[in-house]
Amino acid sequence: MKKIAARDFGRLKILDSIRGIASLIVLFHHIFKLNKEIFHIYLSDWIFNIFDFVSNLNLEAVLLFFIISGFSIGLSTFKRPLNNKAALNGYLYRRFKRILPIYWIAIIISLIFGFLMHLENLPDFSIKNLIGNLLFLQTSKIISESWIIPYGLNGPLWSLSFEMFFYLFFPFVYLFNLKYLNKKNIYFKYSTLVLLVVLGIFINKKIFFIPYFLFLSGFVTWVLGYLSAKYYTTWKKNNLFFLLNLIVGLVILIFSTYIPSNNVIIIAKGMLMNGVFYFTMILLDKVKLTRCKNILNYLFYKIGEGSYAIYALHYPILIYFQTKEVPLRYQLLFFPFFIIACYQLEKKSITWKMKFLEIDYLKPITSINKSLR
């Protein structure tokens, strides 16, 4: 392979295809979980076990979303470096424009189905919980210390608070790195981040729960996705770094029964998956697998373009089906049309102007930005 400083690239369809696969896994997980007894009755044991295995990849699918998100931001900031205030404002505008319309629609749909199911008196639908979700403070309902839980029984919304945290926290990390850590090697910077995350986990576990420390633990997975984009944009390899992440993640998972923290195990999964993702990316770059990628794109690219809407909108509908005892066969007939509608909605939402988002977000970091000029 010829080494050059950078390469020209357009939209990577395979990333959307991977998003499509991940969204289908999450959708299938919830259909399967809510109808598990019916699947068990009508499926043979070995097919049921396969379905159960795929369903249990739900968390890995969400981590894959984080990896692809970080990787995509790596591609974006390569084309549009965050080296001035206008670029930073543009970055935030694009991120908000991407995440907010579907997110707001998800909250509205959750509220509508809550009324249809006469569940609006649950804490999930409270004004406090609504405000917390609008401020992206929600964490998974299984975390007993949570300040805010996903609105309207829409469990998947937990990960969108992580995603918003990544988007908002990243410019500070980017600028801090340019100003203070630019000459430090990747191992020092990554170790510093991991130590900060471990400190956050300790504080959450032993002292006082703060959602931002939990979000920070997901940032490890996201930032590894961002770092893996360095190879694709500038041919910069970090083989040993990602190999070590892969090995450390694997070792932690092997001995996970001895680790009391769920967050550490999730971070380990992210390290392992990022290692696999990084080396797969290099392999795909070296080996002629155009036909394979074309097949994946043919099957999943359009789904990937609607993957965010699929992820954010499906769960209240499934809960409604359960309360109304809608037969599984009708649910399965409904969701192909739902996927098409999500594709159309997401394509449409990207074109919405949303001029009110074109404001100056960056007064808190203006001083850092000026020092880089």
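Data for the structure
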read-out: Segments 272-279, 101-108 sorted - mean Cβ within 10 Å per residue, highest first; value: 272-279, 101-108
read-out: Cα long-axis angle, helix 290-305 against the chain (0 to 90 degrees, to the nearest 10); value: 60
read-out: Whole-number accessible area per residue in Å² for the chain, which is evaluated in the context of all protein chains at 1.4 Å; value: 52
read-out: Percentage relative contact order, the stretch 165-242, counting C-alpha pairs under 8 Å, at least six apart; value: 29
read-out: Heavy atoms of Lys347: accessible area, 1.4 Å probe, square angstrom to 10; value: 90
read-out: Stokes-Einstein D for the stretch 85-132, Kirkwood Rh over Cα pairs, 4 °C, 1.567 mPa s (µm²/s); value: 103
read-out: Peptides 46-59, 215-228 ordered by average Cβ neighbours within 10 Å, highest first; value: 215-228, 46-59
read-out: At R0 = 25 Å, FRET efficiency that the Cβ-Cβ distance of Leu283 and Ile340 yields, to 0.05; value: 0.15
read-out: Principal-axis tilt of helix 13-34 within the chain, Cα atoms, nearest 10 degrees; value: 30
read-out: Net length gained if the chain between Tyr212 and Tyr93 were fully extended (0.36 nm per residue, minus Cα distance); value: 40.7 nm
read-out: Relative packing of peptides 142-154, 310-322 - highest average C-beta neighbours within 10 Å first; value: 310-322, 142-154
read-out: Two-site label geometry, Leu57 and Glu358: point separation in nm, points 7 Å out along Cα→Cβ; value: 4.2
read-out: Positive dipole terminus of the chain, leading residue within Ile207, Ser110, Leu345 (C-beta point charges); value: Leu345
read-out: Using alpha-carbon coordinates, inclination of helix 307-323 to the longest axis of the chain, degrees; value: 20
read-out: Mean Cα-pair separation over length for the stretch 1-136, i.e. relative contact order, pairs under 8 Å, 6 or more apart, %; value: 18
read-out: Mean Cα-pair separation over length for the chain, i.e. relative contact order, pairs under 8 Å, 6 or more apart, %; value: 30
read-out: Inter-site label distance for Thr234 and Lys179 at 7 Å from Cα along Cβ, in nm; value: 2.0
read-out: Kirkwood Rh and Cα Rg combined as Rg/Rh, the chain; value: 0.96
read-out: Residue order for Ile131, Ile186 - accessible surface, 1.4 angstrom probe, largest first; value: Ile131, Ile186
read-out: Estimated distance in nm for a label pair at Thr323 and Ile127, the labels positioned 7 Å out from Cα along Cα-to-Cβ; value: 2.2
read-out: Accessible carbon and sulfur surface of the chain relative to its total accessible area, %, 1.4 Å; value: 68
read-out: Net charge dipole size for the chain [Lys, Arg +1 and Asp, Glu -1 on Cβ; Debye, nearest 20]; value: 2000
read-out: Additional length obtainable on full extension of the chain from Ser191 to Val264, 0.36 nm per residue less Cα span; value: 24.8 nm
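The values are calculated or read from the model by the stated rules, or taken from the named source; none is laboratory data. Keep in mind it's a predicted model, so treat the numbers as computed, not measured. FYI the Cβ positions are ideal-geometry reconstructions off the backbone, even for glycines, and counts take in every protein chain you see. Accessible surface areas use protein heavy atoms only, side chains included; no ligands, DNA or RNA. Shrake-Rupley method; radii C 1.70, N 1.55, O 1.52, S 1.80 Å.
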